[in-house]
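Colleague: Have a look at this one.
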Amino acid sequence: MKPEIEKVKVLIIGSGPAGYTAAIYASRAGLSPVLYTGGQPGGQLTITNDVENYPGYPNSVTGPEMMEDFRKQAERFGTQVRYGLATSVDFTTKPHTVVIDEQVTIHADTVLISTGASAKWLGIESETRLNGKGVSACAVCDGFFFRGQEVAIVGAGDTACEEASYLSNICSKVYMLVRKDEMRASQIMQKRVMNNPKIQILWNTETDEILGDDEVNGVRIFNNKTGEKSEIAISGFFVAIGHEPNTGIFKDYIHMDEAGYIKTIPGSTKTNVEGVFACGDAQDNIYRQAVTAAGTGCMAALDAERYLAEFEND
Ligand SMILES: Cc1cc2nc3c(=O)[nH]c(=O)nc-3n(C[C@H](O)[C@H](O)[C@H](O)COP(=O)(O)OP(=O)(O)OC[C@H]3O[C@@H](n4cnc5c(N)ncnc54)[C@H](O)[C@@H]3O)c2cc1C
């Protein structure tokens with residue numbers, strides 16, 4: 001059988017806020033974009049309940065509902081939304097080549113990478129069971145739900161320190177669970193948490209189990225030097241041990257930082273490869289919010305449109 005090959009002007013990889021926003025702009029610009037959803041249609045927000053910080057939803061909205069709205073809006077202007085995973089790419093060709101599910105080959109004048117990033121988790125059963133019921137990997141997103149309450153956060157890097165400080169402005173107390181007797185974070189960030197009276201750092205401390213049936217009500221911890229176990233009452237459990245951008249398939253072509261975040265040319269979504277643009281969490285290790293992802297999705301579509309206009313005039 002002949003391999004299936006299709007030619008498109010704009011190919012969008014990923015269906016989170018960045019991908020769908022790029023699709024809305026590209027379809028309204030008459031570029032007939034094709035968007036592949038990947039394994040998590042709707043992206044990271046589909047695993048969260050209330051989204052209270054996305055403008056335009058004054059009464060809050062669930063993550064799945066909001067992403068359904070994004071999809072409908074993109075489809076309304078003619079975006080073709082398809083289920084499928086980009087499994088390999090070749091960005092040395094023009095048009096660029098992207099293979100979907102190892103079967104379908106797409107030749108695309110422009111490729112918009114919006115594959116997001118995934119939070120790293122501890123990998124214990126109670127963390128999965130109570131995810132969205134008090135367990136979160138995003139203090140900025142979910143801290144507000146625990147205002148005036150006691151919470152714990154796991155991690156020892158700059159992000160963990162930043163999120164602990166953020167939580168201390170909202171919560172009555174923050175336990176910071178640190179696996180070693182030192183932190184990876186920069187001195188300035190360490191100082192900030194150590195001098196914060198609302199943050200208590202528990203050194204050499206690991207999580208045995210997050211406690212609660214329907215929602216988090218505590219955590220059982222253990223000291224990895226003495227083996228001693230103890231329980232603390234908390235209502236929120238935050239995991240801040242890092243994120244992994246979903247950018248592995250692009251690494252032979254696209255410049256990235258050491259963590260795998262795509263490097264874009266400042267003030268744009270352009271990558272080092274002409275016609276390939278990156279938006280959302282795949283290129284943002286700082287803000288990681290739906291609204292910032294959507295903002296860069298808009299930028300990527302506008303950058304692609306301008307690139308195509310030049311390309312067609314060549
Ligand atoms: C539990 C939780 C709660 C959150 N709550 C909030 C909140 O309240 N407010 C807020 O602003 N932000 C929140 N965030 C952060 C927000 O979800 C992200 O910043 C945002 O979703 C990033 O959007 P994105 O489009 O860059 O990527 P993502 O949403 O991560 O979407 C990535 C998309 O790429 C697809 N994909 C990946 N690899 C491939 C591939 N090879 N081929 C095709 N597709 C692929 C995936 O299937 C997915 O559709 C939360 C995050 C989490 C995890």
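Colleague: For segment 161-183, give me each residue that is under 22 Å from the mean Cα position of the chain (by Cα), more than 16 Å from the ligand (Cβ to nearest atom) and within 16 Å of ILE241 (Cβ to Cβ). Lay out the reasoning, then the answer.
Modeller: Step one: filter segment 161-183 for residues under 22 Å from the mean Cα position of the chain (by Cα), giving 161-167.
Now narrow it down to the ones that are more than 16 Å from the ligand (Cβ to nearest atom): 161, 164-165.
Within segment 161-183, CYS161, ALA164 meet the criteria.
Colleague: Would segment 125-145 turn up any residue that is polar (S, T, N, Q), more than 14 Å from the ligand (Cβ to nearest atom) and without any contact (Cβ under 8 Å) to a residue 24 or more places away in the chain?
Modeller: Filtering segment 125-145 down to residues polar (S, T, N, Q) leaves 126, 128, 131, 136.
Narrowing the set further to residues that are more than 14 Å from the ligand (Cβ to nearest atom) leaves 126.
Those left that are additionally without any contact (Cβ under 8 Å) to a residue 24 or more places away in the chain: none.
There is no residue in segment 125-145 that is polar (S, T, N, Q), more than 14 Å from the ligand (Cβ to nearest atom) and without any contact (Cβ under 8 Å) to a residue 24 or more places away in the chain.
Colleague: Also, I was wondering about something else. Going by what's in this entry, would ASN49 be described as farther than 22 Å from ARG288 by Cβ, at pLDDT below 95, surrounded by fewer than 19 Cβ atoms within 10 Å (Cβ to Cβ) and outside the structural domain of VAL135 (by TED's automatic domain parsing)? Break it down into steps so the answer makes sense when it comes.
Modeller: Working: farther than 22 Å from ARG288 by Cβ: no; at pLDDT below 95: yes; surrounded by fewer than 19 Cβ atoms within 10 Å (Cβ to Cβ): yes; outside the structural domain of VAL135 (by TED's automatic domain parsing): yes.
In short, no.
Colleague: Further, regarding this structure: Report yes if some residue within segment 282-301 is within 16 Å of the ligand (Cβ to nearest atom), more than 18 Å from THR21 (Cβ to Cβ) and not acidic (Asp, Glu); otherwise report no.
Modeller: Yes, segment 282-301 has at least one match.
Colleague: Do we have VAL151 as surrounded by 15 or more Cβ atoms within 10 Å (Cβ to Cβ), at pLDDT 95 or above and closer than 30 Å to LYS191 by Cβ here? Steps first, please.
Modeller: Working: surrounded by 15 or more Cβ atoms within 10 Å (Cβ to Cβ): yes; at pLDDT 95 or above: yes; closer than 30 Å to LYS191 by Cβ: yes.
In short, yes.
Colleague: Something else: Scan segment 210-234 for residues that are hydroxyl-bearing (Ser, Thr, Tyr) and closer than 14 Å to GLU127 by Cα and jot them down.
Modeller: Taking segment 210-234 as the starting set, the residues that turn out to be hydroxyl-bearing (Ser, Thr, Tyr) are 226, 230.
Scanning segment 210-234 gives no hits.
Colleague: Could you tell me whether ILE170 is out of contact with any strand residue (DSSP E or B) (no Cβ under 6 Å at 6 or more places or on another chain), assigned by TED's automatic domain parsing to the domain that holds SER235, β-branched (Val, Ile, Thr) and in a loop (DSSP other than H, G, I, E, B)? Before you say what the answer is, go through the steps one by one.
Modeller: On the way: out of contact with any strand residue (DSSP E or B) (no Cβ under 6 Å at 6 or more places or on another chain): yes; assigned by TED's automatic domain parsing to the domain that holds SER235: yes; β-branched (Val, Ile, Thr): yes; in a loop (DSSP other than H, G, I, E, B): yes.
Criteria met by ILE170.
Colleague: Just checking: which of the strands (runs of 3 or more DSSP E) contained wholly in segment 1-93 hold 2 or more residues that are of a type in the set (A, V, I, L, M, F, W, C) and within 14 Å of the ligand (Cβ to nearest atom)? Before you say what the answer is, go through the steps one by one.
Modeller: Working: elements: 5-13, 34-36, 80-82, 86-90.
Hits in segment 1-93: 5-13, 34-36, 86-90.
Colleague: Just to be sure, is ILE106 within 11 Å of the ligand (Cβ to nearest atom), crowded, with 18+ Cβ neighbours inside 10 Å and assigned by TED's automatic domain parsing to the domain that holds CYS279?
Modeller: Values: within 11 Å of the ligand (Cβ to nearest atom): no; crowded, with 18+ Cβ neighbours inside 10 Å: yes; assigned by TED's automatic domain parsing to the domain that holds CYS279: yes.
Taking the combined requirement at face value, the residue does not satisfy it.
Colleague: Hey, any hits in segment 6-22 for a residue that's surrounded by fewer than 17 Cβ atoms within 10 Å (Cβ to Cβ) and farther than 29 Å from PHE144 by Cβ? Walk me through it before giving the result.
Modeller: Residues of segment 6-22 surrounded by fewer than 17 Cβ atoms within 10 Å (Cβ to Cβ): 6-7.
Narrowing further to those that are farther than 29 Å from PHE144 by Cβ: 6-7.
Checked against the condition, which is being surrounded by fewer than 17 Cβ atoms within 10 Å (Cβ to Cβ) and farther than 29 Å from PHE144 by Cβ, segment 6-22 yields at least one hit.
Colleague: Right, here's the next one. Of all residues in segment 231-254, how many are of a type in the set (Ser, Thr, Tyr) and under 24 Å from GLN40 (Cβ atoms)?
Modeller: Applying the first criterion (of a type in the set (Ser, Thr, Tyr)) to segment 231-254 yields 235, 247, 253.
Going one step further and asking which of them are under 24 Å from GLN40 (Cβ atoms), we end up with 247, 253.
Count: 2.
The values are calculated or read from the model by the stated rules, or taken from the named source; none is laboratory data. No experiment lies behind these values; they were computed from the predicted model shown. In this analysis, Cβ positions are derived from the backbone assuming ideal geometry, glycine residues included, and neighbour counts consider all displayed protein chains.
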